[in-house]
Amino acid sequence: MSVEALKFGSFTLKSGRVSPYFFNAGLLSTGPILATLSTAYATTISNALSSKAVPTFDVLFGPAYKGIPFASTAALALYTQHNISVGFAYDRKEAKDHGEGGKMVGVSVEGKKVVILDDVMTSGKAVRAAIETVKQHGGEVVGVVQALDREEVGQDGVSSTVQELEDLIGEGRVFSILKMRDLMVWLEKKGMKGELESMQQYWDKYGLK
Ligand SMILES: *[C@@H]1O[C@H](CO)[C@@H](O)[C@H](O)[C@H]1NC(C)=O
């Protein structure tokens with residue numbers, strides 16, 4: 001909230017839903033915040049490895065653009081804080097036709113186990129595209145870690161985005177640092193009653209049942 005990456009109000013999302021909160025990870029762009037965020041990503045990944053939910057992997061993939069700083073700083077934190085050594089990679093939004101060419105930058109994902117980092121997903125379209133990109137380049141996606149899970153049902157009103165992704169990459173392999181419910185607990189602690197009420201109404205309408 002201090003950098004307005006999290007805002008409360010009334011926001012129309014790409015899905016058409018009118019949300020009482022909005023998360024803009026592009027504003028998580030100061031040294032202290034990146035330090036906190038990369039630590040949180042690294043801890044989430046390290047816990048997922050310890051519990052064997054995710055197998056030992058080789059590459060963190062951060063889809064362009066917002067995933068790039070997150071994957072690079074998370075790879076750094078995994079090494080400095082957990083002694084876990086992985087490479088990182090990202091894609092270009094537009095393929096380059098000169099120099100080294102191609103769409104991918106960073107370590108090769110070919111024949112590698114890959115974890116994708118994301119900020120927040122609603123429909124999961126961007127993550128599905130990232131899974132496809134990694135596959136096309138010969139990698140296997142063994143996990144997805146997002147900063148915030150909005151915990152919403154899909155357009156059909158039943159399925160969850162997380163469940164749909166787990167159908168693709170394996171049960172129990174999608175993780176998040178924070179969930180919508182964590183935000184609600186935090187609002188309650190802060191005594192932000194109006195915001196909490198709007199969140200509750202949104203949750204009743206679109207939250208996972
Ligand atoms: C860090 O990991 C390497 C490779 O797995 C291991 O050889 C080394 O002992 C570890 N260092 C510490 C401080 O745990």
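The values are calculated or read from the model by the stated rules, or taken from the named source; none is laboratory data. What you see is a predicted model, and the numbers here were worked out from it, not measured in a lab. Every residue, glycine as well, gets a Cβ built from its backbone with ideal geometry; the counts of neighbours run over all protein chains shown.
At a glance:
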item	result
Some residue of the stretch 12-25 being assigned to a strand (DSSP E or B) and either of a type in the set (A, V, I, L, M) or closer than 21 Å to Lys112 by Cβ (or both)	yes
Number of the condition not met by Tyr202 [criteria: (1) in contact (Cβ under 8 Å) with a residue 60 or more places away in the chain; (2) closer than 17 Å to Phe8 by Cβ; (3) in contact with an Asp or Glu (Cβ under 7 Å, 6 or more places away or on another chain)]	(3)
Leu37 part of a helix (DSSP H, G or I), crowded, with 20+ Cβ neighbours inside 10 Å and within 16 Å of the ligand (Cβ to nearest atom)	no
Selection count where residues are within 16 Å of the ligand (Cβ to nearest atom) and either under 14 Å from the mean Cα position of the chain (by Cα) or surrounded by fewer than 12 Cβ atoms within 10 Å (Cβ to Cβ) (or both), scope the stretch 46-79	2
Gly207, sole failed condition from (1) out of contact with any strand residue (DSSP E or B) (no Cβ under 6 Å at 6 or more places or on another chain); (2) at pLDDT 95 or above; (3) over 19 Å from Leu60 (Cβ atoms)	(2)
Yes/no for Ser85 being farther than 22 Å from Thr133 by Cα, touching a Leu at 6+ places or on another chain (Cβ under 9 Å) and surrounded by 14 or more Cβ atoms within 10 Å (Cβ to Cβ)	no
Residue within the stretch 150-166 that is part of a strand (DSSP E or B), touching a strand residue (DSSP E or B) at 6+ places or on another chain (Cβ under 9 Å), surrounded by fewer than 21 Cβ atoms within 10 Å (Cβ to Cβ) and touching a residue at least 40 places away in the same chain (Cβ under 8 Å) present	yes
Test: residue in the stretch 113-132 that is touching a strand residue (DSSP E or B) at 6+ places or on another chain (Cβ under 9 Å) and without any contact (Cβ under 8 Å) to a residue 24 or more places away in the chain	no
